[in-house]
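A short reminder: the numbers here are calculations on the coordinates, not readings from a lab. Everything quoted here is computed from the prediction, not taken from an experiment. So basically every Cβ, Gly included, is an ideal-geometry build from the backbone, and we count neighbours across all protein chains shown.
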Amino acid sequence: MFKSLLALALSLTLCSAISASELIEVKGKTLGRENHQFIYKDKNACKSCHVSGKKSTTDQACVDCHGTIDTIKIDPKNLVNSHANPHASVHYDTAISCIACHAEHEKKAPLCAECHRSWFKEM
Amino acid sequence: MRDRRSFLKFGAGVAIGSVAATIPAMASTNDCGPAIKWDETHDIIIIGSGFGGLSSAINIKRSGIKSVLVLEKMLQFGGNSAINGGWFAVPGNPIQVSEGVKDSPALLVQDQIAAGRGMASEEHLTAIANRALDAFNLCVDSGVRFREGFNMLVGGHSIARAVRTVDGTGGEITRNLYKVAKSEGVDLRNQQYVEDFIMENNKVIGLKVRRNFRYPDLTTGEIVFIKANKGVVVATGGFAMNKQLCKLLDPSIDPTMDCTNAKGATGEVTLTAMSHGALAVHMNMIQTGHWGSPDEGGFGWSNALLSITWHEGMVVSVLNGKRFMNERADRKYCSDRILANRYEDNSPAYPIAFFNYNDHPDDDRVVRALRDEMAWKMDSVEQMATKFNIDPKTLQESIDLHNKHVAERKDPLFDRVMDTAKHLAPPFVVSRIWPKVHYCMGGLKTDLGCRVIGSKNLEPMKNLYAVGEATGGVHGTTRLSSCACLEGLAGGFIVAETINSDNKV
Ligand SMILES: Cc1cc2nc3c(=O)[nH]c(=O)nc-3n(C[C@H](O)[C@H](O)[C@H](O)COP(=O)(O)OP(=O)(O)OC[C@H]3O[C@@H](n4cnc5c(N)ncnc54)[C@H](O)[C@@H]3O)c2cc1C
């Protein structure tokens, strides 16, 4: 499952649509996102996101690099319908954490899929 | 704040899926038990960020109280309020006024009392209804948009008084109130699971909180103790998502029933309050809806779609291809009939409900249901029989028999009123049905000022307040639709006044 380290360079600005970066083995058996490979090279990699304890985290690290939800636009072409835009949600708008929908170490369907079951896939 | 110490007793925590409490470094103990080392201190802590929590936060902050903290356990703010249908009962709303409809808080309360079947509290309902316009104006002033000229008569009301948000969800209200609260200096935090109250005798003085909690894992995060100098407001909503508790309270709610609620509606704070002596009432009054679909989450499109089916279509059991109920009867009757459809292993045999596609091809209720695959267009009886595993011949016979009853305008099988029934012919719009748990009428008993009543002496507990669905004994047997939105938002106005008057003395 070796992927080119070129992915490194693509990381931050490449935040396309309703798709997340590929899930690959990044450190031992740990899965992580391809565009985050550079993070895992660091000795204290875990601490970049898990500030207090391994099992819990907030979206602080996501926001620090990628910006807040309202600044990350989703291409409407990738939505099943115009209501299905999680970054401009009528339910939450900015009142939601990135990790309600995005997961670093596993595939996950966004929160919206709890009700709107046919709108989203795991990513 | 770290060094501030007081000598207090720990209470018994109630946590769903219980976790061993991590007790932080203790100071010396005295007769009252171990000391608490507070991690931070605020004037008011509000637990929950739905209608009740957000309205309380804004109103309390505006009343002059300086440090207001909102704790929300989930990753998202808004609870059930953020996914709700956006129906909001407002007697005296501007659309009623412009249309010359005469309404008043008292008239609303009359309707609610009828639905409450003798179990509602007229005084509480009145206190809430009197704040309907305040609540509505808070929304409008916060940027919430309601549908232009839209004022509907919804189930159980005697008059059209429900307005609705443009997007048809309470999220329009919560996301705007969240922004306003934030901009006015309320401290709003997610991933904060309130695990226990810290009591000093009958008075709540702070909370034990799991900071950076990651739902649903109760071993995540770290324990902190937060002091609340002027009070704690419980705005944690209902417990419809807590299957174990629902089953204990109402054995007729069985585990095959899905729930319309957000996942966080598990009620542990209500139980925690009870463990410290709060009085809870009407806990077994749990509202279910027979209009649910197993093919979507939440409230979904099913209820609106079935508003066509109940009248124009028919409902058939997949077990024998036959009708089994009066489609237009009440919620309880229909629920019982539907739930009786079981396979031998007791798993649900979801009945199918259908009507003529060609009568409503462009109806929004149909279009979105088909689009989101919670209903299907079936071009022939054969196709429908195959999809739902029914004998095609019996299914055809059932439809023929029903059509005969439609023509005669008489239903000898179940005595349904047939005035709106239609002759059925494919293509059909077909959906599956199964009841869902929806709302908790029960919860913490409060006085008229939102003070939580203690069970020891039936007097208010000190510094403990509750608003919204977390309270009980307000609506009685049935909560009317569009009134929960009102209840939560109005509660924020009432509790702010109470807290200020309690802190003057
Ligand atoms: C799908 C659906 C549609 C509805 N439609 C309508 C409608 O159109 N009109 C209407 O009037 N009513 C409707 N209702 C009912 C109404 O939405 C709810 O009763 C109302 O939103 C409750 O508001 P609340 O503020 O009391 O609680 P909620 O909005 O549920 O907020 C409670 C919050 O507390 C949080 N919380 C719980 N426990 C803890 C804890 N231990 N620590 C920290 N936080 C905690 C929860 O996560 C949640 O965010 C609907 C309900 C549902 C589920």
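Along segment B:216-223, what does the Karplus equation 6.51 cos²θ - 1.76 cosθ + 1.60 (θ = phi - 60°) give for ³J(HN,Hα), rounded to whole Hz, x for Gly and Pro?
Values per residue, Gly and Pro as x: x, 7, 6, 9, 7, x, 9, 7 Hz.
How long are the three semi-axes of the equivalent ellipsoid for the protein assembly as shown, computed from the Cα gyration tensor as the root of 5 times each eigenvalue, in whole Å, largest first?
Taking √(5λ) for each Cα gyration eigenvalue gives 42, 33, 23 Å.
Which of the listed residues, B:P348, B:S317, B:L271, is farthest toward the dipole's positive end in segment B:246-404, when Lys, Arg count +1 and Asp, Glu count -1 at the beta-carbon?
Result: B:L271, furthest along the dipole toward the positive end.
Would you please classify the overall shape of segment B:342-419 from the alpha carbon gyration tensor, given that a ≥ b ≥ c denote the square roots of the eigenvalues, rounded means a/c under 1.5, and beyond that prolate means a/b larger than b/c while oblate covers the rest?
oblate
For segment B:83-170, what is the convex hull volume of its Cα atoms per residue in Å³?
Normalising the Cα hull of segment B:83-170 by residue number yields 96 Å³.
Determine the dipole magnitude for segment B:88-148: charges of +1 sit on the beta-carbon of Lys and Arg, -1 on that of Asp and Glu, nothing else is charged, the reference point is the Cα centre, and the result goes in debye to the nearest 20.
About 120 debye.
Which of B:W38, B:W291 comes first, and how do the rest follow, when ranked by fewest Cβ neighbours within 10 Å?
By the 10 Å Cβ count, ascending: B:W38, B:W291.
Under the Karplus relation 6.51 cos²θ - 1.76 cosθ + 1.60, θ = phi - 60°, what is the ordered set of whole-Hz ³J(HN,Hα) values for segment B:427-442, x standing for Gly and Pro?
x, 10, 9, 10, 9, 9, 10, 6, x, 10, 7, 10, 8, 10, 6, x
Magnitude of the Cβ-charge dipole of chain B, K/R +1 and D/E -1, about the Cα centre, nearest 20 debye?
Roughly 1180 debye for chain B.
Here are some pairs, B:K322/B:K436; B:K37/B:K227; A:K73/A:K107; B:K73/B:K208; which of them have Cα atoms lying more than 19 Å apart in this structure?
In this structure, B:K322/B:K436; A:K73/A:K107 exceed 19 Å between Cα atoms.
Note down the relative contact order for segment B:83-170 as a percent, whole number, built from C-alpha pairs under 8 angstrom at least six residues apart.
45
Mind computing the radius of gyration and Dmax over the alpha-carbon atoms of segment B:291-434? Å is fine for both.
Taking only Cα atoms of segment B:291-434, I get Rg and Dmax of 13.9, 40 Å.
Kindly provide the Kirkwood hydrodynamic radius of segment B:184-251 in Å, to one decimal, from all pairs of distinct alpha carbon atoms.
14.0
Tell me the angle of helix B:302-312 to the major Cα principal axis of chain B, expressed in degrees between 0 and 90 and rounded to the nearest ten.
30
Only four residue types carry charge here, +1 at the Cβ of Lys and Arg and -1 at the Cβ of Asp and Glu. Report the dipole size of segment B:76-234 about the Cα centre in Debye, rounded to the nearest 20.
Its charge dipole is roughly 340 debye.
So what is the relative contact order of chain B, in percent, for Cα pairs below 8 Å that sit 6 or more residues apart?
The normalised contact order for chain B reaches 23 percent.
Within segment B:377-482, list the chymotrypsin sites (Phe, Trp or Tyr not before Pro) lying in a DSSP loop whose Cβ has at most 16 other Cβ atoms in a 10 Å radius.
Sites meeting the loop and neighbour criteria: B:F414.
Quick check on chain B: helices-only [θ] at 222 nm, where DSSP H runs of length 4 and up contribute -39,500 (n - 2.57) each and the sum goes over total residues. Nearest 500, please.
-9000 deg cm²/dmol
Whole angstrom only: what separates the Cα centroid of segment B:113-172 from the Cα centroid of segment B:179-219?
If you average the Cα positions of each part, the centres end up 29 Å apart.
Can you give the angle from 0 to 90° between the axis of helix B:171-183 and the longest principal axis of chain B, with both taken from C-alpha atoms, to the nearest 10?
That helix lies at roughly 20 degrees to the long axis.
Would you grab the residues whose amide H sits under 5 Å from the one on B:F355? Only those 5+ places off in sequence or on another chain, please, with H modelled 1.01 Å from N.
B:V429
According to the Cα gyration tensor, what semi-axes, each the square root of 5 times an eigenvalue, does the equivalent ellipsoid of chain B have, listed from largest to smallest in whole Å?
Equivalent-ellipsoid dimensions as semi-axes: 45, 25, 19 Å.
Could you tell me which residue out of B:F136, B:V204, B:G300 lies farthest along the dipole of the protein assembly as shown toward its positive end? Charges go on the beta carbon: Lys and Arg +1, Asp and Glu -1, centred on the Cα centre.
Of the candidates, B:V204 comes out farthest on the positive side.
Say the cut-off is 29 Å between C-alpha atoms; which of A:K108/B:K445; A:K47/B:K243; A:K43/B:K179; B:K61/B:K445 go over it?
Table pairs above 29 Å Cα-Cα are A:K108/B:K445; A:K47/B:K243; A:K43/B:K179.
Report the per residue volume, in Å³, of the convex hull enclosing the C-alpha atoms of segment B:435-505.
Each residue corresponds to 90 Å³ of Cα convex hull volume.
Would you mind ranking B:Y215, B:Y343 by Cβ crowding within 10 Å, fewest neighbours first?
B:Y343, B:Y215
Amide H to amide H, which residues 5 or more places from A:T58 or on other chains are under 5 Å from it, using H placed in the peptide plane?
A:V51
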